[in-house]
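*Asks:* First the structure, then my questions, so here it is.
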Amino acid sequence: MAGPRVLLLVVALYWGSRAGSAASSGVTICVCDLSPGSCDINCCCDPDCSSSDPTNVFSFCLPGSTKAQRWACLSSWLIFRNNTPYTTTLLGTAPAELFCVSSADASLNYFVTPRTVDASNFASISGQYQGASFIPASSTTPAFSSFYKAGDLVLTISTSGALGVLRQPAPIGDQSLCSDNNPAKFLSNPSTSCVRLLSNLTASCVTERSLSPSFYYQDVAVLRVPADATNQNAIKVPITSSVTSAPYLQGGICNNIVTQVIYTVLYNGTQGITGVSVDFTLSNVSTASVLISQTFSVLYKPVGSASQSSVQSRSGNPGYLVGLPVLSDIGHLSLLTSLVGDSCSQSDVQFGVNSVSGCVIRGNAQETCGDLQARTYRLLLGGTAPGSLAMFGNITAGQVGDRTPIIYQNCSFQGDCASTCLIPTSIHMQILWARAGLLSNPQSEVVGARFVFRCQYVQCQATTPLQTRVSFTDLTRRGPAPRSSPSVTARAPLDFFFPFYSGAAVTTPRGLLLCLTVFILSL
């Protein structure tokens, strides 16, 4: 029996040494005891609470108000007598009953003294837990990749050599005011719309740079690849545009202000950007307006070679898909839309979507009746009049393929600005289409188009509303319904009994029955 006593003494000495060493690093403090001399609710370690076991009185114990327990256990058959001063308990049932001793480790109490920090370990300890810092990082030369990747900023360089990024203004605040600091990201094609707030358009018409086309492309070029930022002999791709007009003020109208900006970036894989162009929509806005709406987009198009100047996306392959642009011999068929104030813009005609839209124009004092008539024709048609429409969605502008001519019904030139002028005030684009091909995979095909203008006598300098209507008519001719399957007429096979029955029916013939009867009687 001496063995178990020795073992128990060893256990007691072990826990005593653990308790003594840990007591120097921790003290018993009840962190939720905030009211000296009175019991704090749900503070299970408060010595002022008279109950011997507060955990049975309170609904719950506040965090840190109960001691953690750690037990050291061994089989109870090894223990002959318990003489340890620490808390013990028996767990389990015989013969697998365990004798357990509770730890008196002070580190399990309510408060533990933090580790000591001095000059020797400060850097190593703080490095394990430090987070973000307000101290700016050391200024080093940034590393630029050898080619653009999706999401990268498109780098630009000014004529003075300053490095920057291509900008795509975006709305900020509850009023959606334009912020020119928003960068364009490579292969990201979101369209942004925002508003310019001008207190006095009369004074800002010419001086406000954001209203002029030159603000968006002059004196700046795009770097072919990001690595050219550190190359003195870098290839710089200029931003080109066919628009050279500038805003000017005339008769209470601010003319040629930018309402839409579309960048087109051509790239050739990892070889970089090969060309950048920008198109604008210019509008005439009354100086009484204080809000100018603008739309910005950046289109990224791959090119097969450096000599290829443009790429146009398909509207289906081969048949048109609903919602994609209708293609003409000069590009996308356009639809007249309205912007803020007395201004007009263009948007794509979407296949299969009937729509009505319009805007308001006002003639200038310098315009003749013929000038006003020509301008309204250009607005209603979106520029140059298209001559034909692509019958299928995979035929782009300039590409040889099936096309259907557009039938025009124009107005004749009549009148003058001294009295009244006959101008087109609306256009109705009637597009006929049909489904072609297999019933299992029909393809939408444009089979005809007619543009009908409605004309009206107006005063040249009066406010005139313009309207565009687009209608799609389905001319699909369905084939005849499939006939039902032919019925199967069952016939008896030709065999030994053929001379004795008629094989025209499935039922058992009388001749066969007579033959069987004679055969049986003969037996």
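The values are calculated or read from the model by the stated rules, or taken from the named source; none is laboratory data. A quick note: this is a predicted structure, and the numbers were derived from the prediction, not measured. Every residue, glycine as well, gets a Cβ built from its backbone with ideal geometry; the counts of neighbours run over all protein chains shown. With ligands, DNA and RNA removed, areas are computed over all heavy atoms of the protein, side chains included. Shrake-Rupley method; radii C 1.70, N 1.55, O 1.52, S 1.80 Å.
*Asks:* I want the local charge near Cys45. Using Cβ-Cβ distances under 10 Å, sum +1 for each Lys or Arg and -1 for each Asp or Glu among the other residues.
*Replies:* -2
*Asks:* Then there's this: Per residue of segment 433-442, what does 6.51 cos²θ - 1.76 cosθ + 1.60 with θ = phi - 60° give for ³J(HN,Hα)? Whole Hz please, x for Gly and Pro, Karplus curve as stated.
*Replies:* 9, 8, 8, 10, x, 6, 5, 6, 8, x
*Asks:* Follow-up. So how far apart, in nm, are the two label points at Trp71 and Thr93 if each is 7 Å from Cα heading toward Cβ?
*Replies:* 1.6 nm
*Asks:* Hey, another quick one. Obtain the nm distance between the two label points defined at Ser357 and Ala246 by a simple spin-label model: each point lies 7 Å from its Cα along the Cα-to-C-beta direction.
*Replies:* It is 3.1 nm.
*Asks:* Further question on the same structure: On average, how much accessible surface per residue is there in segment 160-308, in Å², for a 1.4 Å probe, leaving out ligands, DNA and RNA?
*Replies:* Accessible area per residue: 47 Å².
*Asks:* With Cβ to Cβ distances under 15 Å as the rule, what net charge do the other residues near Cys61 carry (K, R +1; D, E -1)?
*Replies:* Charge balance near Cys61 sits at -3.
*Asks:* Taking the highest mean first, how do the peptides 269-282, 33-46 order by number of other beta carbon atoms within 10 angstrom per residue? Intermediate results must be reported in sequence, preceding the final value.
*Replies:* Values: 269-282: 17.6, 33-46: 15.6.
Ranking, from highest mean packing down: 269-282, 33-46.
*Asks:* Then there's this: Tally up the carbon and sulfur contribution to the accessible surface of segment 322-420 as a whole percent, 1.4 Å probe, everything protein left in place.
*Replies:* With neighbouring chains kept in place, the figure for segment 322-420 is 54 percent.
*Asks:* For segment 120-278, what is the charge dipole size about the Cα centre, in debye to the nearest 20, if Lys and Arg each add +1 at the Cβ and Asp and Glu each add -1 at the Cβ?
*Replies:* The calculated dipole for segment 120-278 is roughly 180 debye.
*Asks:* Let me ask you something else. On a straight-distance basis, which aspartates and glutamates could pair with Lys185 in a cross-link, Cα separation under 19 angstrom, same-chain partners fewer than 8 positions away excluded?
*Replies:* Asp152, Asp228, Asp279
*Asks:* A further question on this structure: Give me the accessible area per residue for segment 331-391, probe 1.4 Å, as a whole number in Å².
*Replies:* Spelled out: the 1.4 Å probe surface of segment 331-391, per residue, equals 38 Å².
*Asks:* Right, here's the next one. Note the full-extension length gain between Thr207 and Leu78 as 0.36 nm times their separation in residues minus their Cα-Cα distance, in nm to one decimal.
*Replies:* So the extension gain works out to 36.6 nm.
*Asks:* Hey, rough spin-label estimate for Ser51 and Ser160, points 7 angstrom out along Cα→Cβ, what's it come to in nanometres?
*Replies:* 7.7 nm
*Asks:* Between Asn317 and Lys149, what is the FRET efficiency for a Förster distance of 30 Å, r being their Cβ-Cβ separation, to the nearest 0.05?
*Replies:* 0.60
*Asks:* Give me the 1.4 Å probe accessible area per residue for segment 63-103, excluding ligands and nucleic acids, in Å². Intermediate values should be presented prior to the final figure.
*Replies:* Values: 2760 Å² over 41 residues.
I get 67 Å² per residue for segment 63-103.
*Asks:* Output the peptides 401-408, 386-393, 120-127, 191-198 sorted from most to least packed, where packing is the average of other Cβ atoms within 10 Å over each peptide's residues. Please report the intermediate quantities before stating the final value.
*Replies:* On the way: 401-408: 14.6, 386-393: 20.5, 120-127: 9.4, 191-198: 17.2.
Top of the packing list down: 386-393, 191-198, 401-408, 120-127.
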